[in-house]
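In what follows, a structure is listed as structure tokens, so that the remarks can point back to it.
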Amino acid sequence: MKQTAFSLSALITSIVLLVTGNAFLMTLLGLRLSLDGFNAEVIGWILVFYSIGFVGGTLYAGKIIERVGHIRAFAVFAALLSVAILLHPLAVQAGLWGLLRFLAGFVMAGLMIVVESWISSKADNQNRSSLFAIYQVVFFLSTTGGQVLIRVSDPAGYVPFTLAAILVILALIPLSLTRTESPVIEQGRRMSLRRLYQASSVGATGSLLAGFLISAFYAMGPVYANQMGLEINQISNFMASAIIGAMLLAWPVGKICDRYDRYRVMLAVSLSGGTFSVLAALLGNHNMPLLILCAGLYMGITATLYPIAVAITNDLMDSSKITAAATALLLSYGVGSCIGPVVSSVVMGVLGPRGLFITGALVLGGLSLFMLKKTHEKHTPVSQQEQFITTTPEATLGLQVLDPRNPDFEE
């Protein structure tokens, strides 16, 4: 029992350090590029390579882990991520930073697979739900902590990059000391995006647009904040509000999704998210507390699109196809995350920093029209809906075994 408790505490510590360092870096990079005078379009293209690398990592990093083992793979991925972080301040060049972002995305996907598959190996019927909930809370809080670290030192210097690298390196220690036997990564079933759309057009569209909006905000949010003249502390609060909003709204939206028609819930989420996006665009920096509140509500509501899309898709799937559908939904989210920063940066280049929220309002408006049509079609009755599970794409690469919707899950 003591060994199990130590193992889990070691894993959680590694996750906290890793996610905090990576979240800190992602906000830092957008802010640093903006401070150095790069225009929004260039920043968008640089930062989108992280999403491209992350998608590649979800598809291929598992093969590296299978070949060399979890501990060695984790060490290699963490070393590469640390090197990539430390190289950023040495030469602030668009091409180099794009390459470093791709590398960081790929290895971060590999790191998440390692730690999450390790947690999965500890799951049983008694602790499954608790582990899933703990992991989600730890992930949200660690991401929030990364935003707070922006206050520590001048983003124009090299110190914050060193701090981010130190956090990633420290994440190596707890996991390396655990004596738990390495888990086995099973090859997941595959489903094409075309088949996913045919089976659940709402699920495919919702996950795609969720990836678009969330990646656009996290990549270009610091750029927006800097261009609007926010101070470092205000930028930290602005970015942290998005994660806090997502964490606070996850539970109530989940309860609503279990009690009401999920198509109508997604319609309501799209409309309300679009409304707060419009308010944020209109506010600018005239009322800072209200801007931070609107931004937090906008992203908090938007973050629920992905789990709703997953729930709607699972309502339509046989249990044997749930794993394949989950992989396809994650890929759809990844495709959207590769498009979001580029499109939002182009709109910001034309309309100014407010273009970030204008883009969000237009996308959510389009989703609302799509859902307005879908609500009138025949779909799964509320009484037959599967249990709603709160989740985020970045936090479920290796945790499918913890999900009660998985066909291998047993009550």
Hey, residue 99 modelled with pLDDT of 90 or more and within 23 Å of residue 146 (Cβ to Cβ) or not: yes
Matching residues, region 39-67, being in contact with a Cys (Cβ under 6 Å, 6 or more places away or on another chain) and open to solvent by 20 Å² or more (accessible area, probe 1.4 Å): 52
Within region 325-347, residues being open to solvent by 30 Å² or more (accessible area, probe 1.4 Å), touching a residue at least 24 places away in the same chain (Cβ under 8 Å) and either within 10 Å of residue 204 (Cα to Cα) or of a type in the set (Val, Ile, Thr) (or both) number 7
Of all the residues that make up region 230-257, how many are over 22 Å from the mean Cα position of the chain (by Cα), open to solvent by 60 Å² or more (accessible area, probe 1.4 Å) and in contact (Cβ under 8 Å) with a residue 12 or more places away in the chain? 1
Kindly indicate whether any position in region 12-19 is at pLDDT 90 or above and surrounded by fewer than 24 Cβ atoms within 10 Å (Cβ to Cβ). yes
Residues (in contact with a Leu (Cβ under 8 Å, 6 or more places away or on another chain) and surrounded by fewer than 22 Cβ atoms within 10 Å (Cβ to Cβ)) located in region 68-78: 71, 75
Name the residues in region 348-362 that are part of a helix (DSSP H, G or I) and open to solvent by 30 Å² or more (accessible area, probe 1.4 Å), would you? 349, 350, 351, 358, 362
Only one of 337, 277 is farther than 23 Å from residue 231 by Cα and among the small types (Gly, Ala, Ser); which? 337
Restricting to region 60-106, name every residue that is within 24 Å of residue 163 (Cβ to Cβ) and not in a helix (DSSP H, G or I). 91, 92, 93
Go over the candidates 300, 274 one by one and state the one that is closer than 25 Å to residue 200 by Cα, in a helix (DSSP H, G or I) and under 18 Å from the mean Cα position of the chain (by Cα). 300
Verdict on residue 209 being at pLDDT 90 or above and open to solvent by 10 Å² or more (accessible area, probe 1.4 Å): yes
Consider only pairs whose beta carbons are under 6 Å apart and that are at least six residues apart or on different chains; among these, list those whose first residue lies in region 258-276 and is in contact (Cβ under 8 Å) with a residue 40 or more places away in the chain and whose second residue is basic (Lys, Arg) and open to solvent by less than 60 Å² (accessible area, probe 1.4 Å). 263/374
Checking residue 36 against (1) open to solvent by 50 Å² or more (accessible area, probe 1.4 Å); (2) touching a Leu at 6+ places or on another chain (Cβ under 8 Å), the condition it does not meet: (2)
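The values are calculated or read from the model by the stated rules, or taken from the named source; none is laboratory data. Remember, predicted model here, so these are calculated numbers, not experimental data. Please note: Cβ atoms are built from the backbone with ideal geometry, for glycine as well, and neighbour counts cover all protein chains shown. Accessible surface areas use protein heavy atoms only, side chains included; no ligands, DNA or RNA. Shrake-Rupley method; radii C 1.70, N 1.55, O 1.52, S 1.80 Å.
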